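To start, the structure under review is shown below, and the notes come after it.
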Amino acid sequence: MEMVWLLLCSFALLLKMSFVCNSEAGSVTYDARSLIIDGQHKILFSGSIHYPRSTPEMWPSLIAKAKEGGIDVIQTYVFWNLHEPQQGKFDFSGRQDIISFITEVQKQGLYVCLRIGPFIESEWSYGGLPIWLRDIPGIVFRSDNEPFKTEMEKFTTKMVTMMKAENLYASQGGPIILSQIENEYKMVEPAFHERGPPYVRWAAAMAVGQQTGVPWVMCKQDDAPEPVINSCNGMNCGETFAGPNSPNKPSLWTENWTSQYQVYGDEPYIRSAEEIAYQVALFIAKNRGSYVNYYMYHGGTNFGRTASAFVVTSYYDEAPLDEYGSIRQPKWGHLKELHAAVKLASSALLSGDQTSISLGQLQDAYVFKVQSGECAAFLVNKGPKHATVLFQESSYQLSPKSISILPDCKKVAFNTAKVSAQHATRSWQVAQKFDSAENWEEYKEAIPNYEMTTLSANALPEQISITKDESDYLWYTFSFQHDSDAQSTLSVKSHGHVLHTFVNGVFTGSAHGRHRNESFFLEQTVTLSKGMNYISLLSAMVGLPDNGAYLERRVGGLHEVRVDDQDFSKSSWGYQVGLDGEKLQIHSDSGSSIVQWSKLGRSGHQPLWYKILFDAPAGHDSIALNLGSMGKGEAWVNGQSIGRFWVSFQTPKGKPSQTWYHVPRSFLKPTGNLLVLLEEENGDPLGISLDKVSVTQVCGHVSETHLPLVSKWLGQKTQNQNNTKTKLGRRPKIQLSCPPKKSISKVLFSSFGNPSGDCKTYATGSCHSSNSKAIVEQACLGKRRCSIPVSLQKFGDPCPSISKTLLVDAQCT
């Protein structure tokens, strides 16, 4: 291809034709080693950043921080239901402006992996599929079904055409080097029986037929048809990936989960920097992996009602960049060092022959040698204990479950278990309290009864089909005669997700399901009156499902209602889609002015709207609403939804799954900002505060056995293979860094010796240099950044027989 390209360029010049010969504009190809970009094999580190889960104002900073962290590629899904909410009507404005997002990536010199899907899952409502697809006669999603394939091809073609029009594919000189069609289809393919395999073949052929000039992937699809590359998703692809399904395809890891998405009622999942680094190094060493994508590198926020069923509003907050876009340490810093170490070994990895050598029962070496003499090695300890191994006649100490990277097969540049990056503590500081009842106003949502509803059915309507995702809410109402005042049993079976019951306008109870068990049963004693009784049942969905086969058949809402022994499921029902406040858009400036608001009162358990005005906090720190005093609902700032909240659904530890809700600075005006909340339960708005979010503490914990920064590796003098003796200046260091516009104001703890604990809890040990704090204060106070070598020359030697560690905790203000 390169020779053909050069010949075409030469021919064009000879004929004085207007043929553009741009060295950056060449098609991307691949072989068994890696993707080939502009004729060069590449080892690529990628980070998922989803454009609609942040704001356009955040994009440049997010991309820049990813680049600084050693990321080469930004990977994003395309969100079909966001772009085509109504059939044939498209939206690419604001957070939906995918062209501007990709252009910003290109501007900063990074590549793009575009995962068109268009089914994406991604904990996104309905897996990214538009709800209107359900109404197409005869449609079966994600199968060999003509109605679905027609719509899928239309959208895929539209997106490809948009990219081509902006010259965004690498074959046009743009940043897009890779695209994805479908998403983890193998997990549902058996459910479609004979309709599954033909769909896979069709999807692959349709994608390749788009003529983008870049390769396509199918993740978790081990039989991806040629020339589509099968890739791995998961946490342990170095252990689980069976490899490419063809000898000419590279090993790609499209989703390395940096934590996991969180659902209401669950604690956050914490995945350590050491574990992530170990799995990445193993994938590269064992599988010859050449592309690793972190899912997510920045998770962001599920604004509005975009989160799928039971998924919290904050998304992958434990990623290297947190929900607010701040660097999360030590994850970001440790992975940056990993990337640098692998890049040092990239020549041997891409050109060398791979051999594996057993170094012990649970220890192996993966060695890559080039005929020219270049060599790189990965020494793997799979065991839970320290191990000493002999490799090429030299001895190496390996930490438990760790991998040491030797870019020259001699000196260790990086070990996955030895974290030199600082630890950072994020905190929330109250900027404004909303505790004055005089500043709040409320609007009571009417409780409709059967006679008030204008829509009716002779059976319980199915919620998803009726609401069409225009609202989370559907009112079910019916009425019946009772011959006396009495206590009766109201029983309701629901497909999910939440139910609030009202009898004769009075709240009588609530119930809800949970993730992976959405259906539930409510049974309660209610008081009936002699004569006509009105039952009003408010069913709420907390996001649409995002996975599984036959999504078009999934249902929500009520499916059986009884009063005592009488079944009303097939009776005459009235229903109302959504709440009155939603229809009036009272969350907006214009909508809030057309209803009559009242002073804050105590109205009991019923849907209520609250509003208050506030000024933007000074400064540049991220902003979040502390909604810890509320129950369940949704919040808007200046008409823009910052997402659902469900504080009352607590974890097994008795805490909300999410308390703080991100308010992007770009949503705010200097003064007179409108905050509107919908509260389904009985929350107290007087407990809400607007908080500043920032890193207020930084901590380093480094020993003599840690390694110098990878950037120093090339300049090291020859040292013993355990890397315990280095020149001053190339010793292990603690490097502390406060956020922009903050500096180190106080050293909270400093000990050189054998301090106990870690950056979470610590204490001085039996060995301690008395000048530890003074030395650190001199190096760090008043500075945004400082560096302290782990050095006997600096601190002295309080106990010669003990290996030394330096632990420093400092305050940023």
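At-a-glance table
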read-out: Answer from PHE101, PHE90 - the residue that is under 20 Å from the mean Cα position of the chain (by Cα), touching a residue at least 40 places away in the same chain (Cβ under 8 Å) and within 23 Å of ALA307 (Cβ to Cβ); value: PHE101
read-out: Contacts under 6 angstrom Cβ, first residue in segment 207-224 being over 18 Å from PHE155 (Cα atoms), partner open to solvent by less than 50 Å² (accessible area, probe 1.4 Å) and among the acidic types (Asp, Glu), 6 or more apart; value: CYS219/GLU184; LYS220/GLU184
read-out: Residues within segment 797-809 that are in contact (Cβ under 8 Å) with a residue 60 or more places away in the chain and either surrounded by fewer than 21 Cβ atoms within 10 Å (Cβ to Cβ) or in contact with a helix residue (DSSP H, G or I) (Cβ under 6 Å, 6 or more places away or on another chain) (or both), tallied; value: 2
read-out: Strands (runs of 3 or more DSSP E) wholly inside segment 486-555 containing at least 2 residues that are open to solvent by less than 10 Å² (accessible area, probe 1.4 Å); value: 486-494, 498-503, 520-528, 531-540
read-out: Filtered residue count, segment 663-692, keeping only those that are outside any loop (DSSP other than H, G, I, E, B), farther than 11 Å from LEU627 by Cβ and open to solvent by 10 Å² or more (accessible area, probe 1.4 Å); value: 5
read-out: Single residue of LYS773, LYS794 found to be open to solvent by 70 Å² or more (accessible area, probe 1.4 Å), farther than 14 Å from ASN754 by Cβ and over 39 Å from the mean Cα position of the chain (by Cα); value: LYS794
read-out: Count of residues meeting criterion [surrounded by 12 or more Cβ atoms within 10 Å (Cβ to Cβ) and out of contact with any Asp or Glu (no Cβ under 8 Å at 6 or more places or on another chain)] in segment 759-768; value: 4
read-out: Filter result for the condition that a residue is open to solvent by less than 50 Å² (accessible area, probe 1.4 Å), aliphatic (A, V, I, L, M) and in contact with an Asp or Glu (Cβ under 8 Å, 6 or more places away or on another chain), over VAL160, VAL188, VAL200; value: VAL200
read-out: Residue within segment 561-568 that is within 30 Å of LYS741 (Cβ to Cβ) and assigned to a loop (DSSP other than H, G, I, E, B) present; value: no
read-out: Criterion (among the polar types (S, T, N, Q), under 30 Å from ASN439 (Cα atoms) and either at pLDDT 95 or above or open to solvent by less than 20 Å² (accessible area, probe 1.4 Å) (or both)) met by exactly one of GLN576, GLN585, GLN606; value: GLN585
read-out: One residue from GLU146, GLU151, GLU189, GLU194 being acidic (Asp, Glu), within 26 Å of ARG305 (Cβ to Cβ) and either outside the structural domain of ASP469 (by the TED database) or out of contact with any Cys (no Cβ under 7 Å at 6 or more places or on another chain) (or both); value: GLU151
read-out: Verdict on VAL561 being surrounded by fewer than 18 Cβ atoms within 10 Å (Cβ to Cβ) and among the β-branched types (Val, Ile, Thr); value: no
read-out: Criterion: within 30 Å of PRO664 (Cβ to Cβ), assigned to a loop (DSSP other than H, G, I, E, B) and not basic (Lys, Arg) - qualifying residue of ILE99, ILE120; value: ILE120
read-out: Residues satisfying the stated conditions in segment 756-792, i.e. farther than 14 Å from CYS699 by Cβ, touching a residue at least 24 places away in the same chain (Cβ under 8 Å), assigned to a strand (DSSP E or B) and hydroxyl-bearing (Ser, Thr, Tyr); value: SER787
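Every residue, every condition in (1) assigned by the TED database to the domain that holds SER590; (2) outside any strand (DSSP E or B); (3) touching an Asp or Glu at 6+ places or on another chain (Cβ under 9 Å); (4) farther than 16 Å from HIS587 by Cα, yes or no:
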position	(1), (2), (3), (4)
ALA624	yes, no, yes, yes
SER629	yes, yes, yes, yes
GLU634	yes, no, yes, no
SER641	yes, no, yes, no
SER648	yes, yes, yes, yes
PRO652	yes, yes, yes, yes
GLN658	yes, yes, yes, yes
TYR661	yes, no, no, yes
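Residues are listed down the side, and each one gets a yes or a no for (1) open to solvent by 50 Å² or more (accessible area, probe 1.4 Å); (2) within 18 Å of LEU129 (Cβ to Cβ); (3) touching a Phe, Trp or Tyr at 6+ places or on another chain (Cβ under 9 Å):
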position: TRP59; (1), (2), (3): no, no, yes
position: LYS67; (1), (2), (3): yes, no, no
position: ILE71; (1), (2), (3): no, no, yes
position: ASN81; (1), (2), (3): no, yes, yes
position: PRO85; (1), (2), (3): yes, yes, yes
position: ILE102; (1), (2), (3): no, no, yes
position: GLY109; (1), (2), (3): yes, no, no
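Residue by residue, here is whether (1) touching a residue at least 60 places away in the same chain (Cβ under 8 Å); (2) more than 28 Å from the chain's Cα centre (by Cα) holds:
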site	(1), (2)
SER122	yes, no
GLU146	no, yes
GLU151	no, no
THR161	no, no
GLU166	yes, no
TYR169	no, no
PRO175	yes, no
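The values are calculated or read from the model by the stated rules, or taken from the named source; none is laboratory data. In this text, all values refer to a predicted model and were calculated from it rather than measured experimentally. Cβ sites come from the backbone with ideal geometry, for glycine too, and all protein chains shown count toward neighbours. Side chains included, ligands, DNA and RNA excluded: accessible areas come from the protein's heavy atoms. Shrake-Rupley method; radii C 1.70, N 1.55, O 1.52, S 1.80 Å.
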